[in-house]
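To start, the structure under review is shown below, and the notes come after it.
The values are calculated or read from the model by the stated rules, or taken from the named source; none is laboratory data. Here the structure is a predicted model, which is why all the values come from computation and not from measurement. Methodologically, a virtual Cβ is constructed for each residue, glycine included, from the backbone with ideal geometry; neighbour enumeration extends over all protein chains shown. We work out accessible area using only protein heavy atoms, side chains counted, and drop any ligands, DNA or RNA first. Shrake-Rupley method; radii C 1.70, N 1.55, O 1.52, S 1.80 Å.
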Amino acid sequence: MASSLLRVVPKILPKLDPDFRPPVLGHRNFVRAVKASGKAQPLIIAVQRNGGAVSRFDTVCFPSGHENAGENLFYAERIVKFLLWQRGGFKVLLS
């Protein structure tokens, strides 16, 4: 995934880990590329928590068949992992 939209090189490289790629830069780059394609598809991720509470996150992804559609899975996986860490939950729903 060396040439991925999600692996953006920061302007200032950290001395202790020059291979570090901040996830926020990858997220911004991915969303910008999806919107620039003019074919953005909505991606809604919901995480169910205790007591019936549901946390929702709205974003976009490439349509199937697009040349960058292969990056959708890696992008969604990173978002889901972050949401589970940040908000907690036991069930993930995608739309």
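Per residue, how large is the accessible surface of the stretch 3-95? Use a 1.4 angstrom probe and give square angstrom.
With the other protein chains kept in place, the stretch 3-95 gives 68 Å² per residue.
Angle check, please: helix 23-37 long axis (alpha carbons) against the longest principal axis of the chain (alpha carbons), in degrees 0 to 90, nearest 10.
90
Taking the Cα atoms only, what angle lies between the long axis of helix 72-87 and the longest principal axis of the chain, rounded to 10 degrees?
60
Order of 33-41, 9-17 by packing, highest average Cβ count within 10 Å first?
Numbers: 33-41: 13.9, 9-17: 8.3.
Order by mean packing, descending: 33-41, 9-17.
Would you mind classifying the chain by shape? Square roots of the alpha carbon gyration tensor eigenvalues, ordered a ≥ b ≥ c; an a/c under 1.5 is rounded, otherwise it is prolate if a/b is larger than b/c and oblate if not.
oblate
Calculate what fraction, in whole %, of the accessible area of the stretch 14-95 sits on carbon and sulfur atoms when a 1.4 Å probe is rolled over the protein chains.
Roughly 57 percent of what the probe reaches on the stretch 14-95 is carbon or sulfur.
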